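Input: a single structure, listed below in structure tokens.
Since every read-out is calculated from the coordinates, none of them should be taken as a lab result. Computed from a prediction, not measured in an experiment: that's the story for all the values here. Quick reminder, even Gly has a Cβ in these numbers, built from the backbone with ideal geometry, and neighbours come from all protein chains shown.
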Ligand code: XMP
Ligand code: MG
């Protein structure tokens with residue numbers, strides 16, 4: 001059954017299914033235009049980017065490839081440190097290829113900064129970033145994000161791939177998590 005009512009742990013819905021769908025369609029069209037000559041390998045960052053990858057990839061009218069990485073950022077609680085470990089590496093070679101990283105959210109930007117330099121060291125033709133969401137702190141790190149879905153306020157969000165303690169990833173919208181759920 002589709003999920004029609006906001007989850008009780010959600011304070012408010014920030015982006016509903018239609019808003020996400022429409023924005024990803026715009027980004028997909030832009031990406032198809034930009035990469036018409038040489039289609040990219042989309043690199044999804046597990047697990048949060050699963051929904052964005054699935055929906056964005058279907059809006060790109062090109063012969064794209066899809067690959068995945070899983071990384072874990074050492075850090076305390078919800079803050080990332082920029083020290084990253086690869087849990088699952090790409091299954092293919094990206095030498096000489098256009099790579100488009102697909103991310104759910106950029107917060108401090110430290111994870112992406114590390115990922116960018118890691119992928120660049122493998123000799124790709126280009127590496128760009130597509131992220132569904134960006135929080136204000138991302139402005140402090142100098143990384144160029146070519147495709148951004150939405151700039152959102154500095155609140156903890158869940159749904160559409162994003163989790164709190166591995167829950168809520170399957171919510172079809174992006175919502176702000178009730179403070180009472182993560183504060184005691
Ligand atoms: P950076 O390195 O940009 O980290 O600080 C980005 C990663 O942090 C997680 N993150 C969130 N996850 N709701 C989530 O479910 C959020 O509001 C949130 N903010 C950051 C996420 O894993 C992202 O890849
Ligand atoms: Mg993530």
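Using the Kirkwood radius over C-alpha pairs as Rh, can you work out the diffusion coefficient of the chain via Stokes-Einstein at 25 °C, viscosity 0.890 mPa s, in µm² per second?
It comes out at roughly 145 µm²/s.
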_Between residue 164 and residue 118, what is the label-point separation in nm under the 7 Å Cα-to-beta-carbon projection?_
2.7 nm
*For each of 144, 151, count neighbouring Cβ atoms within 10 Å of the residue's Cβ, then give the residues from fewest to most.*
144, 151
*Hey, what angle do you get for helix 17-34 against the long axis of the chain, alpha-carbon based, 0 to 90 degrees rounded to 10?*
10 degrees
*With labels modelled as points extended 7 Å from the Cα through the Cβ direction, what inter-label distance (nm, one decimal) is found for residue 29 paired with residue 62?*
1.7 nm
_Neighbour-count ranking [beta-carbon atoms within 10 angstrom, fewest first] of 20, 152_ = 152, 20
_Residues of region 1-26 with amide N under 12 Å of the 7 Å Cα→Cβ point at residue 180_ = 8-11
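I need to check one value: relative contact order of the chain, counting alpha carbon pairs closer than 8 Å and at least 6 residues apart, in percent.
Values: 352 pairs, mean separation 43.9, N = 184.
Taking the mean separation of contacting Cα pairs over the length of the chain, I get 24 percent.
Beyond 20 Å, what share of the Cα-Cα pairs of region 88-184 remains, rounded to the nearest whole percent?
On the way: 2082 of 4656 pairs.
Beyond 20 Å sits 45 percent of the P(r) for region 88-184.
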*asked:* For the pair residue 126/residue 150, report the inter-label distance in nm, with labels modelled 7 Å from Cα in the Cβ direction.
replied: 2.8 nm
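Before rounding to the nearest 500, sum -39500 (n - 2.57) across all DSSP H runs of length at least 4 in the chain and divide by the residue total; then give [θ] at 222 nm in deg cm²/dmol. Working shown, then result.
Working: 4 runs with 41 residues, N = 184.
The helix-only estimate for the chain comes to -6500 deg cm²/dmol at 222 nm.
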*By how many degrees, between 0 and 90 and to the nearest 10, does the Cα long axis of helix 110-120 differ from the longest principal axis of the chain?*
20 degrees
